Amino acid sequence: MSITVTLFALAAAVSVQSSDRYGDCIALVEADIDRGRAAAQQWTDDGGGADAQYCLALADIAAGFAKLGAARLEQIAQRKDAGDDFIRARLLSQAANAWLVAGEVDFAEAAINAAFELTPGAGELYLTAAKVYAAQEKWLQVVAAVRTATQSGFVSAETYVLSGRAHIALGDYVAAADDVVDALTLEPTNIDALVLRGEIQQTGVAIDVYYADAPEKEPQK
C-alpha cells in the first residue's frame, strides 16, 4: 500500500475537528491533487489551523513532496490544537512514514521515537517502527516490532512481508514462510508477498495458503 493511500485511509481518524471543510479538503486532494493542494494552502493561509495544515501535508505527500509533508506533519504535532498525545503520536508516525518515502531514515527514526515517547504502549506505532528498522537492516528489531504490533491487534500485509524478509536475513526460512502466509491471508494479491513466496519456495520450503470461503452451514430441518 502506498504512503498516499495509507495516509488518506487514516485522514479522518487523525483530525480532532472533523469539520465539513476538512472533509471537503481531503476529498478534493484525492480527486485532484493540484487543485486540492492549492485549496489546502489557501485554507492554511486563512488560518484554518491544524486541520488545514494536515490536509496540506497530505497534499504535499500526494504531489511527491514527501520531505515537505513529513516536516509539516511534525510541525502539526507540536500545535496545541492538534489533539491529545495519541493523535500527536499518530501524526509523528505518519511523518516517519513520509520520511521513509523521502529516503531520510534518520529523520524517520527520530519521528517514530518521538511518537513512542508520547504513547509508549500504542501497538500501532510498531507497524511504522518495523519499516524504520527494515530500512536500517535491523532484522531482529523488525521481527520484534511486527510481533508486538500483532499481539496488540495491529497487522498489515506490508509489515508481515518485512518480517519475512527479516527472518530470511536471519536464516529462518520456516518463520519467513509463516509470515508470507499471514500476509497473503490479509491480502491474497499482495505483489511483495507473492514475490517473497516464490523466493522461499525455491529454497524447498512449501507454502500453502488457502483462500476458499468457509463452507456454508446446512439449513436446519
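The set of residues from the stretch 56-83 being free of Cβ contacts under 8 Å to residues at least 24 places away in the same chain and not aliphatic (A, V, I, L, M) comprises Asp60, Gly64, Phe65, Arg72, Gln75, Gln78, Lys80.
Among the conditions (1) touching a residue at least 24 places away in the same chain (Cβ under 8 Å); (2) surrounded by 22 or more Cβ atoms within 10 Å (Cβ to Cβ), the only one that Ala135 does not satisfy is (2).
Going by what's in this entry, would Leu194 be described as part of a helix (DSSP H, G or I), out of contact with any Ser or Thr (no Cβ under 9 Å at 6 or more places or on another chain) and under 27 Å from Ile112 (Cβ atoms)? When the stated conditions are applied, Leu194 does not pass them. Ala108 falls short on exactly one of the conditions (1) within 23 Å of His167 (Cα to Cα); (2) touching a residue at least 40 places away in the same chain (Cβ under 8 Å), and that condition is (2).
Pairs meeting the criteria (first residue in the stretch 186-201 and farther than 14 Å from Ala166 by Cβ and assigned by TED's automatic domain parsing to the domain that holds Gly164, second residue hydroxyl-bearing (Ser, Thr, Tyr) and loosely packed, with under 14 Cβ neighbours inside 10 Å, beta carbons under 9 Å, at least 6 apart or on different chains) are Pro188/Tyr211. Where helices (runs of 4 or more DSSP H) fall entirely within the stretch 17-124, those with at least 1 residues that are surrounded by 24 or more Cβ atoms within 10 Å (Cβ to Cβ), modelled with pLDDT of 90 or more and under 17 Å from the mean Cα position of the chain (by Cα) are at 49-62, 66-77, 85-101, 105-118. Does Val143 satisfy the criteria of being under 15 Å from the mean Cα position of the chain (by Cα), touching a residue at least 12 places away in the same chain (Cβ under 8 Å) and either surrounded by fewer than 24 Cβ atoms within 10 Å (Cβ to Cβ) or part of a helix (DSSP H, G or I) (or both)? No.
The values are calculated or read from the model by the stated rules, or taken from the named source; none is laboratory data. Not measured: the values here are computed from a predicted model. Neighbour counts are summed over all protein chains in view; Cβ atoms, including those assigned to glycine, are modelled from backbone coordinates with ideal geometry.
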